[in-house]
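The values are calculated or read from the model by the stated rules, or taken from the named source; none is laboratory data. Everything quoted here is computed from the prediction, not taken from an experiment. Positions of Cβ are backbone-derived with ideal geometry, glycine not excepted, and every protein chain shown enters the neighbour counts.
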Amino acid sequence: MSTEPAAAELREVSGPSALGGGRHRFFELLWLMSVTEFKKTFFGTVLGYVWSLMRPLMLFAVLLLVFTQVFKLGDEVAHYEVLLLFNIVLFGFFQEATSGAVGSVLLQEGIVRKTQFPRLVIPLAVVLTALFTLGLNMIVVFVFMFVFGVEPVWTWLLFPVILLALLIFSSATAMLLSALNVRFRDVAIIWVVLATALNYGTPIIYPLSIVPEGLKHVLMANPLTPIFQQAHIWMIEDPKTEGLLTAAGGPLPLIVAAVIYVAVCVLGVWVFNREAPRIAEQL
Amino acid sequence: MITPATAIAAARSSEAGSLNRYAPPTPVTYLPSLTVPAPSNPIAIEVTGVEKAFRIPTHKVDSLKERLTTFSQPDFRVLHALRDVSFEVERGEFFGIVGRNGSGKSTLLKILASIYAADSGRVRMAGRLAPFIELGVGFNQELTARDNVELNGVMMGLTRRDARSRLGAVLEFAELEEFVDLKLKNYSSGMLVRLAFSMMIQSDAEILLIDEVLAVGDASFQQKCADVFNEIRDSERTVVFVTHDMSSVEQYCHRAMLLHDGRIEAFGEADEVARRYLRLNFEQAPAGDSDMGGIADVTLADVWLENGDGSRITNVEKGAALRFGAVFEAREEVEGPSFGFSFVNADGVEVTGFGLGLSGDVPDRLEPGQRVRLSGEIENRLAPGRYVVKCWVHREHNYANLVLHSPHVLDFVVFGKADAGVVALDHEIEARVDGS
């Protein structure tokens, strides 16, 4: 690149930014940082992968025991155990991506204050690392699907759509949280509570069908609910599973969910872009 | 190919030669070959009217809770780090920026490096830039040297393939070939620094921004670094170099700039700027808040330095006559007092010290209210730098019976050109050809 004649011309330096420094460099850096982080988790210790799989599996085992033996949720929905594991893994991605991203810029203070690179790489690398983990965990989910005899259906092919919707939402949330946390250090603490609330406000451990009508409509306004419900419809064929519109009892909650989804995305991009040039000074 | 810039560089290096600057006898090439396009413009960096102010909150609100519960606007004072700074650096120039702490030189470097955004003004650059605010930024302790070279290279703007292809050259220069697959957490600090310096010179950028990273590693590696700096100085690369060390400014820089309170105080020949820096430094150095004893049985009533004429000074030129004086006052009766002073340099090394009392050179006994005056000449062999004077008093000539101990009674600066070491000893060394 340095051999291009244009390199000799004086060009204005625009200062630090979310994306500055060339698209090529951005993606290479994003890839390298996520792979590095991923390797560290999985190959750092002998049982790296096993340990990281243990967490969702243990959680799964406990919840399965409680909700099939104590609350008898297993009878309400076909293949409850598979659905539960699938939901835990999927929400685990959102949780890992966002909770990891909150403090990511602060954690990388050393490089933010000492060198120049596209700031956006930091939170997005966390999301990408979480995506790698999700990929590995999904293998286990499919093994379970096979073992528990879930019928393969053509709608499995639509899973990438679910993933994309969740990925965009997680990335935007990660950007919003990581930028805000530089200014207000208690965002990280607030997010722990909010993420837990979201965990229960999304049909993960319970199927949407057992939720009382009025509350169901409210839950549908949570942007994660339609994503998880649609995933349920597409992954496990069950005539009892309600479609989005039926569950929402009309288009209004879905519109609210869509508005929140778009708002978070726009806000995430806007806030990060606005904060990026000043992040180094505020650390 | 003779371009205006090479002509300038050639003229400078011949001028440099007349000043007895170090030049390696056989030029070794450590730098990767760099194809620099024919300069259509001799200016590499153009800075126009750059301003930067930081808002320092008197009470920092950094939580949402505080922001929501504090109704008044948060108080802050404005620190003007840079005021209307404009200058140009020519292509191929080794350009120094000097200034005291807080003069704005690091802020300026960070603006040039796109780490901070300027409030106003314009910065333009010709060519790719690599900043080195600190050596080894972004090194990951958990990764091997191989992976780190790749990660660091990409961070500095190389492509992954480019970064990988430089691995050999980086390790060779750093003399770390055997340790390529060792994780950095197992490296010694010297090895880390060598790897980082090596990364820097392999970064392949036309413009390098360097913040005081010289003098790394052992003596032989330092010599290698000095060779590289000389090579960079005479190459087409442009370097902006921020430092406190005036001897390296004089050694490497073509031109330099002195920043003071965010303004350009001097600009031009490196030697002249270095002199201005030293003058500024000794004129403005504060006498320091001396801690005059405490509740001890003996207090230090006065302590001072004076020059050969007997007038009090706070700073002294290297090698100039230096006299020392102190007055102690006893509050209680003190039997067999001993007095001691020592001079500690900026690195915390006790360079010299002296004591009185054991050989009967002070009274055997101090009555309450009685004063003792110590004064005399000190042989001034101190190397340039800042010194802090420590003081202590014992009772009954016994180190265990401390009556006064003050770690900082006085500080002063020795100014002048720095040589190696902490003291300057007289020497009579001559060179003679064997066998004649």
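Quick look at the values:
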{"item": "Inter-residue pairs, beta-carbon under 6 Å, first within 24 Å of A:Ala276 (Cα to Cα) and at pLDDT below 95 and in the stretch A:157-182, second among the charged types (D, E, K, R) and buried (at least 17 other Cβ atoms within 10 Å of the Cβ), 6+ apart", "result": "A:Ala179/A:Glu275"}
{"item": "Verdict on A:Arg278 being exposed (fewer than 13 other Cβ atoms within 10 Å of the Cβ), within 14 Å of chain B (Cβ to nearest Cβ), within 17 Å of A:Ile122 (Cα to Cα) and out of contact with any Ser or Thr (no Cβ under 9 Å at 6 or more places or on another chain)", "result": "no"}
{"item": "Extreme residue, nearest to A:Leu63 (Cα to Cα), among residues of the stretch A:197-240 that are aliphatic (A, V, I, L, M) and assigned to a loop (DSSP other than H, G, I, E, B)", "result": "A:Ile205"}
{"item": "Scan of the stretch A:185-235 for residues that are within 14 Å of chain B (Cβ to nearest Cβ) and at pLDDT below 90, ordered by number", "result": "A:Arg185, A:Asp186"}
{"item": "Residue identified as modelled with pLDDT of 90 or more and in contact with a Ser or Thr (Cβ under 6 Å, 6 or more places away or on another chain) among A:Val127, A:Val121", "result": "A:Val127"}
{"item": "Selection from the stretch B:124-152 of residues that are of a type in the set (A, V, I, L, M), facing chain A (nearest Cβ under 9 Å) and in a loop (DSSP other than H, G, I, E, B)", "result": "B:Ile133, B:Val137, B:Leu143"}
{"item": "Single unsatisfied condition, A:Phe184 versus (1) among the hydrophobic types (A, V, I, L, M, F, W, C); (2) in contact with an Asp or Glu (Cβ under 7 Å, 6 or more places away or on another chain); (3) within 15 Å of A:Val77 (Cα to Cα)", "result": "(3)"}
{"item": "So B:Gly340, is it crowded, with 16+ Cβ neighbours inside 10 Å, within 21 Å of B:His405 (Cβ to Cβ) and either in contact with a His (Cβ under 7 Å, 6 or more places away or on another chain) or among the hydroxyl-bearing types (Ser, Thr, Tyr) (or both)", "result": "no"}
{"item": "Enumeration of residues in the stretch A:185-219 that are polar (S, T, N, Q) and surrounded by 14 or more Cβ atoms within 10 Å (Cβ to Cβ)", "result": "A:Asn199, A:Thr202, A:Ser209"}
{"item": "Any chance B:Met199 is crowded, with 20+ Cβ neighbours inside 10 Å and within 23 Å of A:Ser17 (Cα to Cα)", "result": "no"}
{"item": "Enumeration of residues in the stretch B:354-381 that are at positive phi and surrounded by 11 or more Cβ atoms within 10 Å (Cβ to Cβ)", "result": "B:Gly357"}
{"item": "Enumerated strands (runs of 3 or more DSSP E) restricted to the stretch B:348-436, each holding at least 1 residues that are more than 30 Å from B:Leu278 (Cβ to Cβ) and among the aromatic types (Phe, Trp, Tyr)", "result": "B:385-394"}
{"item": "Residue match in the stretch B:101-114 (condition: within 10 Å of chain A (Cβ to nearest Cβ) and surrounded by fewer than 23 Cβ atoms within 10 Å (Cβ to Cβ))", "result": "no"}
{"item": "Inter-residue pairs, beta-carbon under 7 Å, first closer than 14 Å to A:Ile204 by Cα and assigned to a helix (DSSP H, G or I) and in the stretch A:63-87, second at pLDDT below 80 and among the hydroxyl-bearing types (Ser, Thr, Tyr), 6+ apart", "result": "A:Gly74/A:Thr68; A:Tyr80/A:Thr68"}
{"item": "Search result, residues across the stretch A:220-243 that are of a type in the set (A, V, I, L, M, F, W, C), touching a residue at least 60 places away in the same chain (Cβ under 8 Å) and surrounded by 20 or more Cβ atoms within 10 Å (Cβ to Cβ)", "result": "A:Leu224, A:Ile227, A:Phe228, A:Ala231, A:Met235, A:Ile236"}
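Yes/no per residue for (1) under 30 Å from B:Ala270 (Cα atoms); (2) at pLDDT below 80:
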{"site": "B:Arg371", "(1), (2)": "no, no"}
{"site": "B:Leu382", "(1), (2)": "yes, no"}
{"site": "B:Tyr387", "(1), (2)": "yes, no"}
{"site": "B:Val393", "(1), (2)": "no, no"}
{"site": "B:Ala400", "(1), (2)": "no, yes"}
{"site": "B:Ala420", "(1), (2)": "yes, yes"}
{"site": "B:His427", "(1), (2)": "yes, no"}
